[in-house]
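**Q** My structure is below; once you've seen it, I'll send some questions.
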Amino acid sequence: MAAEELQSVATWPEWQWFETVESILEEVLSKVQESESTGTGMLYPFLDSVVESVDSLRMLVNGLKLRDSYVIARVIYETSLNACFLLTNPEALSSRASTHAKQKALRSLARAVEIAGNTIFEFEVQGAG
């Protein structure tokens, strides 16, 4: 792509809004990271994921890969919505989110390899099922 096309993204009226939201998000993430509150413990992974997805969105938009940008924007929206939901009752929901994450991690430790309908290898951590 021509350099003129890449520079034109910065002139979009939405770009200033995007940069403002990105700055606010990084500030909030920093505050949550510094917080000693137990209610915000599970908020950090959500916000950190949003920041990572915002970085991906920035790269896609700068490269004018707008079709794929919609997918990342949806991930940002859904993860942000989950973070907001967590804030409705931080103590109870952080505990539930932590339990869910641990159970999901344990479930993913069970693995099996099948070839032509025959299991040739199976592995499961005891107590994970």
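Residue-wise test of (1) surrounded by 10 or more Cβ atoms within 10 Å (Cβ to Cβ); (2) at pLDDT 75 or above; (3) in contact with a strand residue (DSSP E or B) (Cβ under 7 Å, 6 or more places away or on another chain); (4) under 12 Å from Phe46 (Cβ atoms).
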residue: Val71; (1), (2), (3), (4): yes, yes, no, no
residue: Arg74; (1), (2), (3), (4): yes, yes, no, no
residue: Glu78; (1), (2), (3), (4): yes, yes, no, yes
residue: Ala83; (1), (2), (3), (4): yes, yes, no, yes
residue: Ala105; (1), (2), (3), (4): yes, no, no, no
residue: Glu124; (1), (2), (3), (4): yes, no, no, no
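**Q** On to the next question. Kindly provide the set of residues from the stretch 69-106 that are charged (D, E, K, R) and over 30 Å from Glu14 (Cα atoms), ordered by number.
**A** Those that are charged (D, E, K, R) and over 30 Å from Glu14 (Cα atoms): Glu91, Arg96, Lys102, Lys104.
**Q** Looking for whichever is modelled with pLDDT of 85 or more, over 27 Å from Leu93 (Cα atoms) and within 22 Å of the chain's Cα centre (by Cα) here; the options are Glu27, Glu19. Which one fits?
**A** One residue alone meets the criteria, Glu19.
**Q** Can you name the residue in the stretch 35-66 that is part of a loop (DSSP other than H, G, I, E, B) and aliphatic (A, V, I, L, M) and is also surrounded by the fewest Cβ atoms within 10 Å (Cβ to Cβ) among such residues?
**A** Checking each candidate, the answer is Leu64.
The values are calculated or read from the model by the stated rules, or taken from the named source; none is laboratory data. Everything quoted here is computed from the prediction, not taken from an experiment. All Cβ positions, glycine included, derive from the backbone under ideal geometry; neighbour counts span all protein chains shown.
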